[in-house]
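Bear in mind that the values in this text are calculations on the coordinates, not laboratory data. Since the structure is predicted, the reported quantities are computational estimates derived from the model, not experimental observations. In this analysis, Cβ positions are derived from the backbone assuming ideal geometry, glycine residues included, and neighbour counts consider all displayed protein chains.
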Amino acid sequence: MRITGGCHCGAITYEAEVDPGKVSVCHCTDCQTLTGSAFRVVVPAKREGFKLKGEPKIYVKTGESGRRRAQGFCSNCGTPIYSADVADPQVFNIRVGTARQRAELPPKVQIWCRSALGWTMNLEPVAQIQKQ
């Protein structure tokens, strides 16, 4: 599936070829902190299927395993765009919220559930208001 997207201010845009069957939710504490939210939703794109326009700022984080990951984000508006291996990026984990086709990319798996905030596992009982 071809997707397009970018940051909030438009300084960074991308096109990517992704498999919608590989969308995942990550509940790790790093993703919670880096998103400022309860979890992160990503879809992988192989390097040859990922075309980026604009120059993201890179923050390198070291995970619990010692693995170093480049976090690409817009230096102007702060939108997180992707993460990838620092040394040899073969796959870019695109932040689903930045894709125009995000409604067509429901998650198929949740990882790092041991770190999940309990309330994220069942949001059905939470009141729903259509606009603020």
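The table for this structure:
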{"quantity": "Subset of region 8-54 that is under 21 Å from residue 112 (Cα atoms) and without any contact (Cβ under 8 Å) to a residue 12 or more places away in the chain - its residue that is surrounded by the fewest Cβ atoms within 10 Å (Cβ to Cβ)", "calculated": "36"}
{"quantity": "Boolean, residue 64 is within 25 Å of residue 119 (Cα to Cα) and acidic (Asp, Glu)", "calculated": "yes"}
{"quantity": "Residue count, region 89-132 (criterion: closer than 19 Å to residue 42 by Cα and either of a type in the set (Lys, Arg) or without any contact (Cβ under 8 Å) to a residue 12 or more places away in the chain (or both))", "calculated": "7"}
{"quantity": "Restricting region 67-82 to residues that are in contact with an Asp or Glu (Cβ under 9 Å, 6 or more places away or on another chain) and either within 17 Å of residue 36 (Cβ to Cβ) or not hydrophobic (A, V, I, L, M, F, W, C) (or both), the residue that is surrounded by the fewest Cβ atoms within 10 Å (Cβ to Cβ)", "calculated": "67"}
{"quantity": "Checking residue 5 against (1) surrounded by 13 or more Cβ atoms within 10 Å (Cβ to Cβ); (2) out of contact with any Ser or Thr (no Cβ under 7 Å at 6 or more places or on another chain); (3) not basic (Lys, Arg), the condition it does not meet", "calculated": "(2)"}
